[in-house]
Each structure stands twice: as structure tokens, then as C-alpha cells.
1. From the residues in region 110-134 that are at pLDDT below 95 and of a type in the set (A, V, I, L, M, F, W, C), which one is nearest to Ile69 (Cα to Cα)?
2. Read through the list (1) under 17 Å from Leu35 (Cβ atoms); (2) touching a helix residue (DSSP H, G or I) at 6+ places or on another chain (Cβ under 7 Å), then give the number of the only condition that Trp118 fails.
3. Does region 70-78 contain any residue that is among the small types (Gly, Ala, Ser), at pLDDT 95 or above and either over 17 Å from the mean Cα position of the chain (by Cα) or farther than 18 Å from Val155 by Cα (or both)?
4. Please state which of the following conditions Ala85 fails to meet, knowing it meets all the rest: (1) under 24 Å from Pro129 (Cα atoms); (2) hydrophobic (A, V, I, L, M, F, W, C); (3) exposed (fewer than 13 other Cβ atoms within 10 Å of the Cβ).
5. Of the numbered conditions (1) in contact with a helix residue (DSSP H, G or I) (Cβ under 9 Å, 6 or more places away or on another chain); (2) part of a loop (DSSP other than H, G, I, E, B), Pro125 satisfies every one except a single condition; which is it?
6. Tally time: how many residues in region 64-73 are outside any helix (DSSP H, G or I) and buried (at least 17 other Cβ atoms within 10 Å of the Cβ)?
7. Here are Ile96, Ile89, Ile69, Ile53: which of them is out of contact with any Pro (no Cβ under 8 Å at 6 or more places or on another chain), β-branched (Val, Ile, Thr) and closer than 23 Å to Asp173 by Cβ?
Amino acid sequence: MEPERVRCGWASSAPEYATYHDEEWGTPLHGDDALFERLCLEAFQSGLSWITILRKRPAFRAAFAGFAIDAVARFTDDDHARLMADAGIVRNRAKITAVLANARAATGLPEGLSALLWSFAPSGPRPRPAALADVPATSPESVAMAKELKRRGFVFVGPTTAYALMQATGMVDDHVADCFRASPAGG
């Protein structure tokens, strides 16, 4: 029998957390639509438990055309009303409005969303957090990312949401030191 894997402490309270931690969180993710999805889900999570978002993720994907930026950018007032009536997602008017606005803003990025977001990833290894208490909520890079996104017309993207996006998509690796996913040299 294989010994139990040591994970970051937050990943042990629900099977969905363990799967997300083991298969996605902290893994480098590229692609405009893929990063748009994560940006949107991180914004929806604001003020809620991440488990709520994970459990509703299939419904979010169905409701928002798989988070295809070009499709979401074409959503109309009727789509907004449909989303507000969809019990499968988080029905927060400001967050839904933000997704539509952010899709429109993303279509205007000459370099693409992926290139823009990854331009804020720190270079070089950083110290591995020893414990969850050592993991920051923001960083200078996430503050700069949020500021640039807002400058380019994005909304509902503050430094904390930007940092959560950076963690989720492998721009930073905040797996704690004894986690089986922690890279030996640091992130």
C-alpha cells in the first residue's frame, strides 16, 4: 500500500480540493481562453469558498460558452439575463457583468491575454513557503498585474484575485515545502 501523499494543508478537506491540488493548482497554464476561465473563476470566488466554485465549474463552463473569449465578448443583455437566472452558477450581477466586460477587454489585447498575464510572472526561483501561513495574499507582481489589467479595461481584478490566478496557473508555485507537488528548487 502506497503511503498517503503529503499535500498543502488546504487540499485535504474535500476530494475536489485534493484532485484540483494534485492535477491543476500550481501547474503552468497557457492559452488565452484557458487563462480567461481561471481569471473569471477566481473573480467569482471572491467572498466565497473555492469548493463552491469547483463544484459549480461544469455549470460555469456551460453557461459561459466554455470561456471562449470571442463567444463571451458577443454575449448580449439577453445572455446576461439568462446568466442571472442560472441556478447552476454564482448569480452575482457585478461578477457576471465583469466576465462580459473582461471578455471584451481581452479581445482588444494585441499580445493576447496569456502573454500579458505571463509577463507578470516572477523570474527565477523563490523560497518555498514552509507553511500555509507563509503564503502571501498578494505580491508586487500581482499588484502590477491588477493595475495593468484595470488600465486595459478589466474589472473585478484586484491584487488578491491576481495573485490567486498566479498561484492557480503556475506563474508562482506556492506549494508548501513538504508537499509532494513542491518543485525541489523552488518555483
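The values are calculated or read from the model by the stated rules, or taken from the named source; none is laboratory data. All values derive from a computational prediction rather than experimental measurement. Cβ: placed from backbone, ideal geometry, glycine included. Neighbour counts: every protein chain shown.
1. Here the residue is Leu132.
2. So Trp118 meets the others, but not (2).
3. Checking region 70-78: at least one residue is among the small types (Gly, Ala, Ser), at pLDDT 95 or above and either over 17 Å from the mean Cα position of the chain (by Cα) or farther than 18 Å from Val155 by Cα (or both).
4. Unmet for Ala85, out of (1) under 24 Å from Pro129 (Cα atoms); (2) hydrophobic (A, V, I, L, M, F, W, C); (3) exposed (fewer than 13 other Cβ atoms within 10 Å of the Cβ): (1).
5. The number of the failed condition is (1).
6. The total comes to 1.
7. Ile53
To keep it simple, each residue is scored yes or no on (1) exposed (fewer than 14 other Cβ atoms within 10 Å of the Cβ); (2) assigned to a helix (DSSP H, G or I).
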| site | (1), (2) |
| --- | --- |
| Thr19 | yes, yes |
| Asp22 | no, yes |
| Leu29 | no, no |
| Gly47 | yes, no |
| Ala62 | yes, yes |
| Phe75 | no, no |
